[in-house]
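No value in this document is a laboratory result; all are computed from the given coordinates. Since this is a predicted model, take the numbers as computed values, not measurements. Neighbour counts are summed over all protein chains in view; Cβ atoms, including those assigned to glycine, are modelled from backbone coordinates with ideal geometry.
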Amino acid sequence: MAVHVINHPLVQHKLGLMREHGISTKSFRELASEVGTLLTYEATQNLELEDKTIDGWQGSELSVQSIKGKKITVVPILRAGLGMLEGVMHLIPAAKVSVVGLERNEETLEPVPYFEKLVGNIDERLSLVIDPMLATGGSMIATLDMLKKAGCTQIKVIVLVAAPEGIEKTLAAHPDIDIYTASVDNHLNEKGYIVPGLGDAGDKIFGTV
Ligand SMILES: O=P(O)(O)OC[C@H]1O[C@H](OP(=O)(O)OP(=O)(O)O)[C@H](O)[C@@H]1O
Ligand SMILES: O=c1cc[nH]c(=O)[nH]1
Ligand SMILES: [Mg+2]
């Protein structure tokens, strides 16, 4: 459907910090989570509200608004997507979590699936797919294929940084999806890394390099 680049000053400031050479695992992890929270705020802007009546503090009935349905599943793509999970759940703590494991083959850049544990009745839920990086788009397309095969019709994607190549490929395969990101970067390098990007987000979040 569309790409939403969130230019909020807090998002851009935190993303800038994440791009610094030599950033610690602790800082990178904290920032990934914080930007995850801010992007979730934007991605949930059009959740439907309904009226409900409560007993107000003064003793009389009060009409308030409440999110309709409240059925959401967050879908982190292992591993790096876990780095955003806490931040996303901070805003929607009652959401169910569906985990998808994919690892990009470093030679072919093709995603290799290794785990899938989706929540029950996922077809009735809004899925929020989270991953820091949308590079070639292979991992995201494989995840969206998986979710649609399970019956999902309402899906939004939240990534910290996206490459133009990955956005184009993802929207060509799944034109009905909305993508929320802090930045559309310049290009992919010959190894399929986003430039300027963040480097290897999984390694930075888990401290494996
Ligand atoms: O758009 P693509 O070209 O598919 O690349 C993006 C994928 O690569 C990274 O994961 P990686 O495969 O490195 O796994 P990891 O999270 O375990 O490090 C990243 O977190 C995405 O899932
Ligand atoms: O730039 C990239 C591309 C894929 N995976 C990452 O972690 N970073
Ligand atoms: Mg990685």
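With the dipole of region 30-116 worked out from charges on the C-beta (+1 for Lys and Arg, -1 for Asp and Glu) around the Cα centre, which of L62, S33, M84 lies farthest toward the positive end?
Result: L62.
Could you list, in their original order, any pairs among K14/K169; K52/K156; K148/K191; K52/K169 whose Cα atoms are separated by more than 31 Å?
Details: K14/K169 27 Å; K52/K156 27 Å; K148/K191 29 Å; K52/K169 42 Å.
As for pairs spanning more than 31 Å Cα to Cα, those are K52/K169.
Find the relative contact order for region 51-209 and round it to a whole percent, using C-alpha pairs within less than 8 Å whose residues are 6+ positions apart. Don't skip to the answer; put the middle values down first.
Numbers: 286 pairs, mean separation 29.0, N = 159.
Answer for region 51-209 is 18 percent.
Add -39500 (n - 2.57) for each DSSP H run of 4 or more in the chain, then divide by its residues: what number comes out at 222 nm, to the nearest 500 deg cm²/dmol? Write down the numbers at each step before the final one.
Numbers: 6 runs with 67 residues, N = 209.
Estimated from H runs of four or more residues: -9500 deg cm²/dmol.
By per-residue mean of other Cβ atoms within 10 Å, what is the highest-first order of 182-188, 37-43?
Numbers: 182-188: 18.6, 37-43: 20.6.
Final packing ranking: 37-43, 182-188.
Using 0.36 nm per residue of separation minus the Cα-Cα distance, give me the extension gain between E61 and V112 in nm, one decimal.
Contour length minus the Cα-Cα distance gives 12.9 nm.
Name the residue, out of D131, D178, D51, whose mean-square fluctuation peaks in a Gaussian network model built on the chain with Cα pairs under 10 Å.
D51
Going by how many other beta carbons lie within 10 Å of each one, how would you line up I72, I194, fewest first?
Listed from fewest to most nearby Cβ atoms, that is I72, I194.
In whole angstrom, note down how far apart the Cα centers of region 159-209 and region 1-72 are.
Distance between centres, Cα-based: 21 Å.
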